[in-house]
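Throughout, read-outs are computed from the coordinates displayed, never taken from laboratory work. Since this is a predicted model, take the numbers as computed values, not measurements. Note that each Cβ is placed from the backbone with ideal geometry, even for glycine, and that neighbours are counted across all protein chains shown.
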Amino acid sequence: MNDAFLVGIVTFVYFFAAFMYLVAFVFRRTGPAKAAMATAFAGLLLHSSALIVRWIESYRLGIGHAPLSNFYESMVFFSWSIVFVFFVMKKTYRTSLVGVIAMFFAFLILAYVSLSGTVDCRIEPLIPALQSNWLISHVISSFLAYACFTIAFGLSVLYLFKHYAPAGFARALPDSSFLDEATHRIISIGFVLLTVGIITGAAWADRAWGRYWGWDPKETWSLITWLVYGAFLHARIARGWTGMKMSLISITGFISVIFTYLGVNYILAGLHSYL
Amino acid sequence: MTGKLVKFFSSVKLTVFLFLVLAATSILGTLVRQDLPLETQRSLYSPTVFSVLNFFNAFDMYHSWWFTALLVLLALNIIVCTRRQFARIGKLVFGSREHFDDAVFRTSPIRRKYPVRGDIETIRRESDDIVRELISAPATKTSADSFFMYAEKGRYSRLGMPFVHISVLLILFGGVIGTLFGFIGQMNIIEGEQSREVTLYGDRETKNLEFDVRCDKFTVDFYETGMPREYRSDLSIVDRGGETLASNAVRVNHPFVYEGLKFCQASYGIAGALNYLVGVRNEETGEKLNLRIDAVTEMSLPDGEAVLVLAKFLPDYKGQGPTVLAALVGPGEKRDMFRIFRDGSRFNRVRKSGLTFSLKDFDVLYYTGIQVSRDPGVVFVWTGFILIILGFVLHLFFSHKRVWVKLSGSPENYELWVAASADKNRKALEEKLDGLIAGKLAVEQTT
């Protein structure tokens with residue numbers, strides 16, 4: 001079985017789950033919400049098996065390594081991370097709307113890699129710099145952090161939306177205070193994961209490049225992201241800052257995440273050119 | 001004055017401001033290359049732009065005075081805030097474990113009061129059960145018609161955030177130590193040769209090591225797809241007397257550490273070639289012969305008349321592959337300079353002497369690019385990394401929970417007071433407490 005084929009199926013499963021969560025949210029029924037959750041969970045299982053199939057396949061090719069080493073693999077894992085984080089933190093959110101956000105982003109990323117046809121999905125051997133035990137912990141912590149920030153971004157956009165949307169529509173959305181609190185929680189977790197991602201990256205860089213920190217564009221952008229979310233967490237403690245300003249910092253943080261992940265590779269030059 | 005300064009540095013708004021300013025300014029260094037010498041930078045920008053960028057140290061901005069100043073402000077901010085935090089939590093974390101204070105029944109975030117009636121021993125036992133289940137075995141003060149219980153758990157979790165903040169200071173401190181007392185640079189060593197000269201990154205100055213580093217062998221290995229699989233340099237440390245002190249292979253992700261110096265595989269290149277096999281063909285007679293030439297050198301041709309000089313090897317000459325620059329010197333002849341291309345190349349023409357030369361074989365002579373660094377600050381950075389994770393774990397997964405239970409009044413009219421607090425997730429504690437009281441407080445409650 002080809003893992004790309006499985007990923008293709010998962011793409012549609014996630015789309016369907018997002019749609020069902022939307023139905024559950026609009027009609028406020030538990031039936032569709034349960035069905036949506038079952039669908040999303042089935043998607044996550046299938047998605048996980050696609051990762052495993054690819055991992056096994058790489059060993060069959062004699063170049064065995066975790067499927068976390070190029071653009072295609074990172075995108076597939078990014079999508080997986082979003083759904084995983086959503087399930088881990090599901091209890092915190094008693095609304096189907098977070099489900100819509102998570103499943104939508106998970107779908108969007110997979111749709112790009114599996115339907116656009118521009119992403120090379122071949123399994124490649126590891127170049128020397130990537131042959132390290134730090135690869136797995138670094139990539140996993142970084143992408144789980146990205147996943148948290150992605151969900152936070154969705155919540156923040158909803159917050160702004162609620163603020164500016166016509167009253168009738170805004171009323172249907174969850175409370176501002178809920179959105180605010182939920183954003184804060186998921187960013188706290190994301191921040192810790194990002195810290196772990198940067199630390200494992202530094203430990204790896206120390207072995208591979210002989211220094212733990214070299215102000216390489218990727219490193220610097222990860223620090224910028226860390227600083228923006230650090231500002232977010234401190235701004236909340238400093239009081240006065242809630243709601244609107246926090247949403248804007250969260251959105252800025254997410255732009256920084258995207259730049260750390262993609263912008264550095266496609267716009268700036270650096271050591272991290274393989275992602 | 002000092003008071004004002006302390007107040008300024010104890011502000012969390014300052015933290016937010018510094019974080020955002022550091023984030024915004026850091027972008028500059030990712031747009032302007034940081035790894036080029038000033039002369040190269042000059043050629044990349046117009047004179048005006050160059051002088052503006054140079055004025056703000058944009059070509060080495062992360063070490064500039066203003067970026068350093070921002071980091072110093074951040075460090076002061078952290079120090080003052082952490083001191084204040086310690087002042088606040090010190091007693092809670094390191095103070096007495098018997099905390100009997102009536103005020104908690106007025107001030108605690110969770111407060112309950114139940115009028116109860118019955119045997120004091122029963123009430124005490126039931127209360128003890130509740131506290132045990134909620135937190136842990138309590139410390140109890142008892143008298144004839146009253147008791148006071150106190151229990152707590154997870155007081156050290158309050159150290160989580162201070163740990164995180166101290167870690168950031170440690171990491172910054174480690175960075176300073178590394179910048180002041182460490183160095184990082186590169187040495188290129190040709191296979192079989194040795195050197196002690198390190199070209200430092202940044203100012204491009206050279207630094208001499210205490211010993212020589214010899215490259216015994218360099219190999220590069222490829223996958224079938226053509227992607228590199230492994231770069232490997234076999235290095236030896238050689239002292240001034242020529243004695244080998246240590247030998248080790250250096251691969252990417254597998255550095256060699258010798259006396260605090262770290263050697264990493266950074267790059268490689270072709271320095272030249274060895275063991276040339278040059279084909280010579282006499283176009284008049286059709287006679288062919290192969291010359292084995294060890295290195296770039298002179299060699300008399302077998303006819304004894306002319307001398308072939310191999311002058312310089314080029315790994316790739318204008319896309320035509322490897323060539324060797326050669327000269328043919330014959331008696332009374334002018335020097336005939338030409339390039340010898342690969343065997344079969346159409347560029348190998350008949351020389352004046354009537355001979356055609358071709359490059360049949362050679363061994364590539366590599367040089368290896370070894371990055372050499374010493375960083376005495378790294379131990380502080382690692383400690384900071386471990387402590388920051390420990391701090392987050394303490395903060396995220398543990399909370400400081402406390403509960404007080406007091407019985408007062410007379411046997412006919414007892415009052416059972418309950419107070420509790422948690423520094424995190426108070427709601428869960430409150431729900432658990434109410435559930436336990438509903439389930440376990442069996443004594444008769446008077447209303």
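For chain B, complete DSSP H runs whose alpha carbons reach 18 Å or more along their own long axis and whose mean Kyte-Doolittle score is 1.0 or higher are B:12-31, B:65-94, B:160-181, B:378-397. The mean sequence distance of close C-alpha pairs (under 8 Å, at least 6 residues apart), as a share of the length of chain B, puts its relative contact order at 22 percent. For chain A, the membrane-span-like helices by this rule, meaning whole DSSP H stretches whose C-alpha atoms cover at least 20 Å of axis and whose Kyte-Doolittle mean is 0.5 or above, are A:3-27, A:30-60, A:71-88, A:96-115, A:134-164, A:176-208, A:243-258; this says nothing about an actual membrane.
Annotation: amide H of B:ARG229 within the under-5 Å range of B:ASP221, B:PHE222, B:TYR223, sequence separation 5 or more or interchain, hydrogens built in the peptide plane.
When only alpha carbons of region B:117-175 are considered, Rg and Dmax amount to 20.2, 66 Å. The alpha carbons of region B:2-88 occupy a box of 56, 21, 18 Å along the principal axes, longest dimension given first. Close amide H partners of B:ALA306, meaning residues 5 or more places away or on another chain with modelled amide H under 5 Å apart, are B:LEU301.
Straight-distance candidates among the lysines for linking to B:LYS262, with alpha-carbon spacing under 17 Å and chain neighbours fewer than 8 residues away dropped: B:LYS207.
Counting only Cα atoms, region A:1-119 measures 51, 27, 21 Å along its principal axes, largest extent leading.
Within region A:1-85, the trypsin sites (Lys or Arg not before Pro) that combine a DSSP coil assignment with at most 12 other C-beta atoms in a 10 angstrom radius are A:ARG28.
The HN-Hα couplings worked out from phi for region B:237-245 by the Karplus form 6.51 cos²θ - 1.76 cosθ + 1.60 (θ = phi - 60°) are 9, 10, 7, 4, x, x, 7, 7, 8 Hz, whole numbers, x standing for Gly and Pro.
For region B:219-258, the C-alpha radius of gyration divided by 2.2 N^0.38 Å, with N the number of residues, is 1.53. May I ask you to list the lysines whose Cα is less than 25 Å away from that of B:LYS4, ignoring any residue fewer than eight positions away on the same chain? Counting by Cα, and skipping residues close in sequence, B:LYS4 has these lysines nearby: B:LYS13. The chymotrypsin sites (Phe, Trp or Tyr not before Pro) of region B:209-316 that DSSP puts in a loop, and whose beta carbon has at most 15 other beta carbons within 10 Å, are B:TYR223. Working note: Karplus 6.51/-1.76/1.60 with θ = phi - 60° gives region B:35-41 the couplings 10, 10, x, 4, 5, 5, 4 Hz, where Gly and Pro are set to x.
Computed on the Cα atoms alone, the convex hull of region A:128-275 gives a volume of 107 cubic angstrom per residue.
Per-residue 3J(HN,Hα) values for region A:117-125, derived from phi via the Karplus relation 6.51 cos²θ - 1.76 cosθ + 1.60 with θ = phi - 60°, read x, 9, 9, 6, 9, 5, 7, 10, x Hz in sequence order (x marks Gly and Pro). Across peptide B:338-346, the mean count of Cβ atoms from other chains lying within 10 Å of each residue's own Cβ comes to 0. Ordering A:GLY201, A:TYR21, A:LEU6 by Cα displacement along the dipole of chain A toward the positive end leaves A:TYR21 in first place; charges were set at the Cβ atoms of Lys, Arg (+1) and Asp, Glu (-1).
Summary of packing: across the peptides A:203-215, B:404-416, B:343-355, the per-residue average of other C-beta atoms within 10 Å ranks them, highest first, as A:203-215, B:404-416, B:343-355.
Amide H to amide H, with H built 1.01 Å from N, B:TYR45 comes under 5 Å of no residue 5 or more places away or on another chain. Listed cross-link partners B:LYS401/B:LYS427; B:LYS288/B:LYS318; B:LYS406/B:LYS440; B:LYS401/B:LYS432; A:LYS245/B:LYS427 are compared with a 19 Å cut-off, the Cα-Cα value being larger for B:LYS288/B:LYS318; A:LYS245/B:LYS427. Above 21 Å, the calculated P(r) of region B:193-304 contains 58 percent of its Cα-Cα pairs. The translational diffusion coefficient of chain B, from Stokes-Einstein at 37 °C and 0.692 mPa s with a Kirkwood hydrodynamic radius over alpha carbon pairs, comes to 109 µm²/s. Legend: Rg and Dmax of chain A, from Cα coordinates, 19.0, 60 Å.
Springs join every pair of Cα atoms under 10 Å in this Gaussian network model of chain A, and among A:THR225, A:THR200, A:THR30 the largest mean-square fluctuation is at A:THR30. When every Cα-Cα distance of the protein assembly as shown is counted in 20 angstrom steps from zero, the calculated P(r) takes the values 13, 34, 31, 14, 5, 2, 0 percent. Mean per-residue shielding of peptide A:121-128 is 4, counting Cβ atoms of other chains within 10 Å of each Cβ. Within the same chain, lysines fewer than 8 places from B:LYS352 are excluded, and of the rest, those with a Cα less than 16 Å from its Cα are B:LYS334. Shielding by partners for peptide B:379-385, expressed as the average number of C-beta atoms from other protein chains within 10 Å of each residue's C-beta, is 3.
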